[in-house]
Amino acid sequence: MSVLYYFYLEVSARKCARELGMSYNPVAVRYSAYRNAIVQYLAAEFSKLRGSIEADESYFGGKRKGNRGRGAFNKQAVFGILERKGRVYTAIVNDVSAKTLFNHIQKKARKGSVFYTDDFKSYKDLKQYGKHSRIKHSKSFGKGHNHINGIEGFWSYAKERFHKYHGINKTNYFPYIKEMEFRFNHRNEPLYPLLIGVLRQFGPKTH
């Protein structure tokens, strides 16, 4: 099997190197090139999310468990916007201020959409951009359409897969989270031929 096929199977670079009898560094370089190609592909094919949209932040990594959510120690904040029954968009953010989150929403979601969030203060002015439903998690996790189960499901999807890496450098989270975005958005499609197409357009000549 090729290095690309192991990447497709979500086998870590270290395990791939062992099974193929290769040195770790050349495999790691290829994995990095694949993720960079995915980043370019996602940027090129993106169109604004619309309709019913869920928005939320999550925290990844860190040597200490820390708090589960906002304010978690030494963790990387990631912002996500999910189009129900559709795609997700993710962004690494330095803070979760209203200005930062709203800037991503304006760029990646259509005005007039229906937005679902929790009651975090940074979302309070979202009603200026579309209909806004806020879920108070202190009282309920939502009923009917009023929930953010979709984006929370994506966070679980990504974190489950990150466990195999046994720690990702905070400065490298961007291509890894984008890989999860790509896999999630194409979860119902044959992924391997799609990866080949992505690499033909954006990746290294050999893989």
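So here's what we get for this one:
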read-out	value
Filtered residues of the range 168-195 (kept if over 15 Å from the mean Cα position of the chain (by Cα) and within 26 Å of M1 (Cα to Cα))	N188, E189, P190, L191, Y192, P193, L194, L195
R134 part of a strand (DSSP E or B) and at pLDDT below 95	yes
Filter result for R14 (out of contact with any helix residue (DSSP H, G or I) (no Cβ under 9 Å at 6 or more places or on another chain) and surrounded by 13 or more Cβ atoms within 10 Å (Cβ to Cβ))	no
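The values are calculated or read from the model by the stated rules, or taken from the named source; none is laboratory data. Owing to the predicted nature of the structure, the values given are computational and were not obtained by experimental measurement. Glycine gets a Cβ as well: all are built from the backbone with ideal geometry, and neighbour counts include every protein chain shown.
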